[in-house]
Amino acid sequence: MPEIPPTPPQPDRSREALEAVEAEMEREDRELVFPLLDRLLEVAEALGAGRPIDPEYLASGFKVWHEYIAELHQQRLGWLGAIVEAAPSVYGSGRRRAGRLRAAWERWIHRSKTVAPAAGPSLGAAYADILGTQTRMAQRIAALEDLVVHYRRREFYTDQMLASLVRSGAFSDRAWAKYEEGFVLRTLDEHLPEDAARWLLDRLVASAASLDRWRAAVRAFLDRPIVDRPAGAGAAAQAGAPSTA
């Protein structure tokens with residue numbers, strides 16, 4: 001009687017979902033986020049060296065950066081939050097999980113200073129760190145967009161202020177993006193419930209089209225060289241500005 005071959009093991013849905021999340025984050029970082037941040041660093045170095053950059057070019061780059069924070073990073077927070085909520089080894093009951101996450105959010109939402117990521121003692125602590133970046137990112141981009149208004153008027157030292165804030169922000173966002181990739185790698189041995197794993201996989205599929213506009217905007221920005229300020233641009237605005245004397 002022929003021997004019946006053993007039934008092949010079923011794929012681990014939890015690990016499949018977690019690996020898919022990490023792979024998608026790594027791909028977005030490699031193809032879009034890091035090239036965008038590298039370009040912004042080039043802009044910062046040019047500004048710091050005294051090169052006059054077109055304010056419209058700055059505004060377009062900051063708009064794409066803003067959309068990264070509001071769209072791609074916000075989406076990542078949803079993925080990572082779902083992992084923390086579902087991971088059985090993180091917290092006890094659902095009520096305790098939700099309460100601790102809310103407490104972590106309240107604790108970190110008020111921290112406006114940009115800080116480098118540090119290894120957290122648990123997934124919950126690491127996620128709280130990541131939550132805090134969203135507020136800091138939004139505060140920074142608002143400051144940059146405000147500085148562009150002053151830069152258009154050629155106000156004193158705004159080029160150096162922009163250079164400093166862009167430089168620190170680009171370094172910070174790169175570090176946090178890598179930290180977020182590492183966060184998912186730390187969860188690969190977690191055993192998420194089937195419904196949570198399926199939810200993550202479904203969200204990954206849905207995201208394939210939801211950010212196409214942002215991806216196109218990044219590529220369009222990267223396809224352009226850094227543009228210098230046209231001769232005399234901003235002089236008329238400066239001349240018409242009210243006197244502060």
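The values are calculated or read from the model by the stated rules, or taken from the named source; none is laboratory data. A quick note: this is a predicted structure, and the numbers were derived from the prediction, not measured. Cβ atoms come from the backbone with ideal geometry, glycine included; neighbour counts cover every protein chain shown. Surface accessibility is based on the protein's heavy atoms, side chains included, excluding ligands, DNA and RNA. Shrake-Rupley method; radii C 1.70, N 1.55, O 1.52, S 1.80 Å.
Structural remarks
- Counting 0.36 nm for each residue step from GLU85 to ALA220 and taking away their Cα separation leaves a gain of 44.9 nm.
- Interchain or long-range residues, amide H under 5 Å from ILE53's placed H: ARG229
- Backbone N within the range 27-54 under 18 Å of label point (7 Å from GLN160 Cα along the Cβ vector): 44-53
- Site pair LYS178 and ALA138 shows an inter-label distance of 2.7 nm when each label is modelled 7 Å from Cα along Cα→Cβ.
- Only protein atoms count toward the accessible area here, which uses a 1.4 Å probe; on the range 139-186, the carbon and sulfur part of that area reaches 61 percent.
- For ARG153, net neighbour charge (Lys/Arg +1, Asp/Glu -1) across residues whose Cβ lies under 15 Å away: -3
- FRET efficiency for VAL149 and GLU71, using Cβ-Cβ distance with R0 set to 25 Å, rounded to 0.05: 0.60
- 22 Å tail of the calculated P(r), the range 20-95, as % of Cα pairs: 44
- Charged neighbours of ARG51, selected by a Cβ distance under 10 Å, balance to -2 (K, R count +1; D, E count -1).
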